[in-house]
1. Rounded, prolate or oblate: which one fits region 216-282, using the alpha carbon gyration tensor with axes a ≥ b ≥ c (rounded when a/c is under 1.5, else prolate when a/b beats b/c, else oblate)?
2. Under the rule of -39500 (n - 2.57) per DSSP H run of 4 or more residues, summed and divided by the residues of the chain, what mean residue ellipticity at 222 nm is obtained, to the nearest 500 deg cm²/dmol?
3. Take each of the peptides 172-182, 17-27, average the number of other beta-carbon atoms within 10 Å over its residues, and list them starting from the highest.
4. Using the number of other C-beta atoms within 10 angstrom as an exposure proxy, rank 288, 264 with the fewest first.
5. Between residue 226 and residue 157, what length comes free when the chain is fully extended (0.36 nm per residue of separation minus the Cα-Cα distance, one decimal in nm)?
6. Is region 1-142 best put as rounded, prolate or oblate by its Cα gyration tensor, with a ≥ b ≥ c the root eigenvalues, rounded for a/c under 1.5, and otherwise prolate when a/b is larger than b/c, oblate when not?
7. Indicate the gyration tensor shape class of the chain (rounded, prolate or oblate), computed on the Cα atoms with a ≥ b ≥ c the square roots of the eigenvalues: a/c under 1.5 is rounded; otherwise a/b larger than b/c is prolate and the rest oblate.
8. Per 0.36 nm of contour for each residue apart, how much would the distance between residue 9 and residue 295 grow if the chain were fully extended, relative to their Cα-Cα spacing?
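Only the coordinates and a few stated rules stand behind these numbers; no lab work does. Just so it is clear, the structure is predicted and the values come from calculations on it, not from any experiment. Cβ atoms come from the backbone with ideal geometry, glycine included; neighbour counts cover every protein chain shown.
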Amino acid sequence: MRFPLHVTTSTIRHQIRNGLKGNRRYPFVLMLEPLYTCNLACIGCALERHTGKLSDRLPVEDCLEAADISGAPIVSICGGEPTIYPELADLVDGLIDRKRHIYLCTNALLLDEKVYGVIPPNKRLMINVHLDGMRETHDFVCARNGVFDKAVAMIKRGVALGHHMMANTTIYRETNIDEVEELCRLLTGLGVEGMLVSPGYHYESVERDIFLTRDEIQKKFRRVLEISRKYRLTSTPMFLEFAAGMREYNCSPWSTVTFTPRGWKGPCYLIGKTYTETFEDFWNGTDWDYWESRQDALCRNCAMHSGFEASVVRELPKHPGDMFRMAAWNLLG
Ligand code: SF4
C-alpha cells in the first residue's frame with residue numbers, strides 16, 4: 001500500500017464522520033508550526049519562517065489544543081525547523097496519544113541529536129526530509145554546503161533504526177526534472193517509503209525570481225507525471241494531472257489549516273492575510289467561497305497539494321472511474 005493502512009482508514013473514518021454531520025468543509029491536515037526559527041535560510045522559504053526567535057515558540061499545550069480543536073487526523077509538524085523545538089519529544093508523544101498521524105518535516109541536520117535515540121520509531125510518526133535535488137542543487141537551494149550529504153546519511157540511519165522515512169521536493173524554475181528522477185531513484189534505493197513533489201509557491205517575502213508560472217508548472221509536471229509511473233510518489237495521479245494542466249479543480253484551502261506562533265493563519269497555508277487567536281475567528285472569518293474560486297491574484301500560479309489534494313477527494317464521488325483509479329493507486333502502489 002502507498003499509505004499505511006491505519007492512515008487510510010482513519011482519513012476515511014474522518015470523512016464519513018464529517019459527511020454524517022453534514023459538514024461540507026473540514027480540516028484533513030493541521031500544519032503545525034511551533035516555531036519560526038531555523039538552522040538554514042533556504043532561498044525559496046518565506047522570510048518569516050526562519051527569522052523568528054526561539055523564545056517566541058508555541059507552548060506544547062497550545063499545539064495539542066490546536067490539534068484537538070482542528071480535529072484533523074494528520075498533523076504536519078513544520079516551522080521553522082521542528083528539530084530545534086526543545087519540547088519536540090513531548091509534542092510527538094501528545095499527538096500520538098491523540099491518535100494523530102504525524103509528518104515531521106525536517107531538513108534532517110539535527111535528526112541524529114534530537115530524534116534518533118530520543119523519539120522511538122512509531123507507526124504514527126513519519127519523518128519527511130526536505131531534498132530539492134541532488135548534491136549541488138540542494139546545497140545551493142539551502143545556501144550551505146554539506147546539507148545534501150547529511151540529509152542522505154540521516155535517511156539511511158532513520159531507515160536502519162526502523163523509522164518511516166519520506167522525502168519532499170519542491171520544483172522551482174531552475175529545477176531540472178531529469179535530476180528529480182535521479183533523486184527519486186536514489187531515495188527509492190535508500191528505502192524511503194514515499195516522495196512528495198510540489199511546485200514552489202511565490203511568497204511575497206521572497207524577492208528572487210525562482211518560482212514557476214502556471215504554464216511552467218504544467219510543463220514540468222507533465223514530466224513529473226511520467227516519473228510517478230516509475231517511483232512511489234505520494235501525490236495522487238489526479239493531483240498530478242491537475243498540476244500538469246490536464247484537469248481543473250477549485251481549491252480546498254480549508255482542508256489544510258495552519259497554526260503558528262502568530263496564531264491561526266488565513267486563508268491558507270501559503271497566504272497569511274490574517275492571523276487570529278481563536279480557531280473560530282479564523283474558520284468563521286474566512287470567506288471560503290472566495291478562496292475556493294481561485295479568483296485572487298495570489299492564487300493565479302498556485303498548484304499546491306495543500307489546496308488541491310482535498311479537492312481531488314471531494315470530486316471523487318462524481319467520477320466513479322477516478323474512484324477506482326485512486327483505490328488501485330493506493331492499494332497497489
Ligand atoms: S489556490 Fe493556493 S494560494 Fe489560493 S487559496 Fe488555494 S492554496 Fe491558497
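1. Working: a/c = 3.15, a/b = 2.62, b/c = 1.20.
Prolate is the answer for region 216-282, as a/c is 1.5 or above and a/b outweighs b/c.
2. On the way: 13 runs with 135 residues, N = 333.
When only DSSP H runs of four or more count, the value is -12000 deg cm²/dmol.
3. Working: 172-182: 16.3, 17-27: 12.5.
Highest mean packing first, the order is 172-182, 17-27.
4. On the way: 288 17, 264 23.
Ordered by Cβ neighbours within 10 Å, fewest first: 288, 264.
5. On the way: separation 69, 0.36 × 69 = 24.84 nm, distance 2.98 nm.
Result: 21.9 nm gained on full extension.
6. On the way: a/c = 1.70, a/b = 1.57, b/c = 1.08.
Note, shape of region 1-142 comes out prolate.
7. On the way: a/c = 1.19, a/b = 1.05, b/c = 1.13.
Cα axes put the chain in the rounded bin.
8. Values: separation 286, 0.36 × 286 = 102.96 nm, distance 3.42 nm.
Additional length available on full extension: 99.5 nm.
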